[in-house]
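Chemist: So that we are looking at the same thing, I have put the structure below in structure tokens.
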Amino acid sequence: MLRRSLPAILALAGLAVAAPVSAAATNPWLDRRPLNIAHQGGEDEFPSNTMYAFKKAMRAGADMLELDVGVTRDDQVIVMHDTTVDRVTNGHGTIRSKTLRQIRRLDGAYWFSGGDDAYRHDRKRSAYRFRGVATGKRRPPKGFTRKDFRVPTLRQVLRAFPKVPINIEIKGRTKKETDAEYIANAVVLAKLLKPVKRRDLIVVSFHQKAIDRFHELAPRVALAPGIDGTANWLLAGGSPGPDVVAFQLPITYTLGDQTLSITTPENVARAHAEGYAWHTWLSNDGESRATWGQLLDWCVDGVMTARPVAFERLLRERRHRVAPGC
């Protein structure tokens, strides 16, 4: 989630600020906890943002899917974390420079090897065990097809998982990642989601202007705030924005030589008191059983994990899925 630079004002993140109780007091996302949220479908265990990953994560017990979207040259919304296709596929260039037809030719699992740093490009060919499935050079695993290893469209994912909660993050168009790029993608996403009659979707972006524009065009879809909305709530005691149902933040954030605590028991409790859920992503902090257990003890409502299989194992081992006092 919020992996880009936070404003310097987050150096004050530990300050307690009194805020008015939110109108989100009947927030249904507070009843769904703690969620095993498969980040990119569980990118350490499965190829990032592929249908194979989403299906495997759900079969393992995940409660929710987290994915990222970009927009092609012909304005089709596809599911991929990066602005370019280089890191995970056998292609090169930005998503925006390609048509959907060109995207569909790519191998979405080309550089996946699994485990830590799962998308390194310097391993032996044998390490990339799903390479070639998408293109027909290798047989798919039993129960799956070639299409499950290609880059999917958001429409395809929504159709495949009609009753699974989905978190959708708006990405940019070039490496510059300007507000204008995010807003442009937000407009295309809103056009797709506006007629969708689902109440189990959350849309988020780093860029608050993209969130605001999306909300203007698709006001029925729930939101998590961008950096500006989060800072306004966390520091100024203001609103994170209309129709916000959850905060989605890391445990810590490094600013210069300071390590700031963002996800804390106090901040989670304050969010709950004001009617907001709290989902924690772990790209900054690493993943371990100890970290997961701490988050559950702090009463977070969801963990966005790259390892949904391992996290689900921990959840099942705990006698009470919800920690005492939560």
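Chemist: Any chance you could look up the accessible area of Tyr253 with a 1.4 Å probe, heavy atoms only, rounded to 10 Å²?
Modeler: In the full protein context, Tyr253 sits at about 20 Å².
Chemist: So, for segment 186-290, what is the accessible surface per residue at a probe of 1.4 Å, expressed in square angstrom? Write out the running numbers ahead of the final one.
Modeler: Details: 3960 Å² over 105 residues.
Per-residue value: 38 Å².
Chemist: To continue, here is another question. If you take the charge dipole of segment 220-309 about its Cα centre, with +1 on Lys and Arg Cβ and -1 on Asp and Glu Cβ, which of Ala277, Gly226, Ile251 is farthest toward its positive end?
Modeler: In segment 220-309, that residue is Ala277.
Chemist: Quick check: at a probe of 1.4 Å, how many percent of the accessible area of the chain sits on carbon and sulfur atoms?
Modeler: Numbers: 7210 of 14230 Å².
Result for the chain: 51 percent of the exposed heavy-atom area is carbon or sulfur.
Chemist: Peptides 121-127, 243-249: what's the order by average Cβ count within 10 Å, highest mean first? Numbers along the way, then the final one.
Modeler: Numbers: 121-127: 9.4, 243-249: 23.6.
With the highest mean Cβ count within 10 Å placed first, the list reads 243-249, 121-127.
Chemist: Local charge sum around Ile211 (other residues, Cβ-Cβ under 12 Å, Lys/Arg +1, Asp/Glu -1)? Don't skip to the answer; put the middle values down first.
Modeler: Values: positive: Lys209, Arg213; negative: Glu169, Asp179, Asp212, Glu216, Asp228, Asp243.
Once positives and negatives cancel, what remains is -4.
Chemist: Right, here's the next one. In segment 150-247, which trypsin sites (Lys or Arg not before Pro) fall in coil by DSSP and have 16 or fewer other Cβ atoms within 10 Å?
Modeler: Lys163, Lys175, Lys176, Lys197, Arg198, Arg199, Arg220
Chemist: Rounded, prolate or oblate: which fits segment 246-300, taking a ≥ b ≥ c as square roots of the Cα gyration tensor eigenvalues, rounded meaning a/c under 1.5, else prolate when a/b beats b/c? If you can, show how the numbers build up before the last one.
Modeler: On the way: a/c = 2.04, a/b = 1.31, b/c = 1.56.
Verdict is oblate for segment 246-300.
Chemist: Translational D (Stokes-Einstein, µm²/s) of the chain at 4 °C and 1.567 mPa s when Rh comes from the Kirkwood sum over C-alpha pairs? Please report the intermediate quantities before stating the final value.
Modeler: Working: Rh = 20.0 Å.
It diffuses with D of about 65 µm²/s by this estimate.
Chemist: Then there's this: Could you report the accessible area of Glu45 in Å², rounded to 10, computed with a 1.4 Å probe on the protein chains as they sit in the structure?
Modeler: Rounded to the nearest 10, that gives 40 Å².
Chemist: Mind listing the long-range amide H neighbours of Gly302? Cut-off is under 5 Å, sequence gap 5 or more, other chains count too, H placed in the peptide plane at 1.01 Å from N.
Modeler: Those lying under 5 Å, H to H, from Gly302 are Leu35, Trp278, Thr280.
Chemist: Where the centroid of each part is defined by its Cα atoms, how far is segment 88-154 from segment 255-281 in Å?
Modeler: Comparing the Cα centres of segment 88-154 and segment 255-281, I get a distance of 35 Å.
The values are calculated or read from the model by the stated rules, or taken from the named source; none is laboratory data. Nothing here was measured: the structure is a model prediction, and the numbers come from that model. No Cβ is skipped: glycine too gets one built from the backbone with ideal geometry, and neighbour counts run over all protein chains shown. Note: accessible area is taken over every heavy atom of the protein model, side chains too, but ligands, DNA and RNA are not part of it. Shrake-Rupley method; radii C 1.70, N 1.55, O 1.52, S 1.80 Å.
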